[in-house]
């Protein structure tokens with residue numbers, strides 16, 4: 001008659017042991033590993049890139065010039081409690097800005113106002129769309145859209161060949177302004193672990209040619 005009285009505590013102890021083991025297994029589950037995305041923008045103080053300018057005609061023929069541009073990350077700073085990096089990229093057409101403040105956010109490059117300037121993953125959404133006007137609000141020159149294109153596109157610059165992804169600003173010119181070409185585009189091509197290897201500079205709607213920067217050398221800290 002005493003055996004049942006001994007078995008009851010043993011059963012309870014066994015159940016308790018199983019609960020402890022089960023809880024221990026749950027607690028030992030590793031935390032999910034955060035996704036690490038490839039670095040394309042290379043936003044770090046002291047990084048710099050040297051580019052040669054090329055004249056590119058409407059047929060895509062490129063002629064090198066004697067002009068070289070130095071682009072660099074000057075400093076970092078806190079804006080709205082977020083760390084941004086001051087990027088200096090000389091603009092040949094003052095008073096257009098030659099400085100911008102950027103930061104990495106997941107796989108995007110983001111500006112102070114929340115604008116998107118690059119993504120290594122998002123080749124679907126349109127980052128921005130707007131219209132450009134002339135001297136009056138009824139004089140519409142173009143519709144502009146900004147998005148990622150040309151994933152894993154191979155380009156050749158003075159430094160060599162690179163696999164790139166393109167942040168494209170596309171201008172759909174309205175008929176009165178389309179005599180120099182339609183559509184017009186500005187391409188900024190990024191290579192993994194390098195940064196921008198080529199970019200189209202701002203252009204005049206009346207001129208079918210472009211200026212383009214192409215990478216000559218760079219330094220990353």
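Data overview
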{"quantity": "Neighbour-count order for 165, 105, 178, fewest beta carbons within 10 angstrom listed first", "calculated": "105, 178, 165"}
{"quantity": "Label point distance in nm, residue 163-residue 193, each placed 7 Å from Cα along Cα→Cβ", "calculated": "1.1 nm"}
{"quantity": "Rounded FRET efficiency, nearest 0.05, which uses the C-beta distance separating residue 126 from residue 154 and R0 of 22 Å", "calculated": "0.30"}
{"quantity": "Nearest-ten-degree value, helix 2-27 long axis tilted from longest Cα axis of the chain", "calculated": "10 degrees"}
{"quantity": "Over the chain, relative contact order from alpha-carbon pairs under 8 Å, at least 6 apart, %", "calculated": "20 percent"}
{"quantity": "Helical contribution to [θ] at 222 nm, DSSP H n ≥ 4, -39,500 (n - 2.57), averaged over the chain, rounded to 500", "calculated": "-4000 deg cm²/dmol"}
{"quantity": "Fewest-first ranking of 49, 153, using other Cβ atoms within 10 Å as the exposure measure", "calculated": "153, 49"}
{"quantity": "Likely footprinting exposure, 124, 79, 169, fewest C-beta neighbours within 10 Å first", "calculated": "124, 79, 169"}
{"quantity": "Hull shadow area, averaged, segment 80-221 [alpha-carbon convex hull, nm²]", "calculated": "10.1 nm²"}
{"quantity": "Percentage relative contact order, segment 57-119, counting C-alpha pairs under 8 Å, at least six apart", "calculated": "19 percent"}
{"quantity": "Percentage relative contact order, segment 100-166, counting C-alpha pairs under 8 Å, at least six apart", "calculated": "20 percent"}
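Values quoted throughout were computed directly from the atomic coordinates according to the rules given, and no laboratory measurement underlies them. Source: prediction; values computed, not measured. Here Cβ is always computed from backbone atoms with ideal geometry, including for glycine, and neighbour counts include all displayed protein chains.
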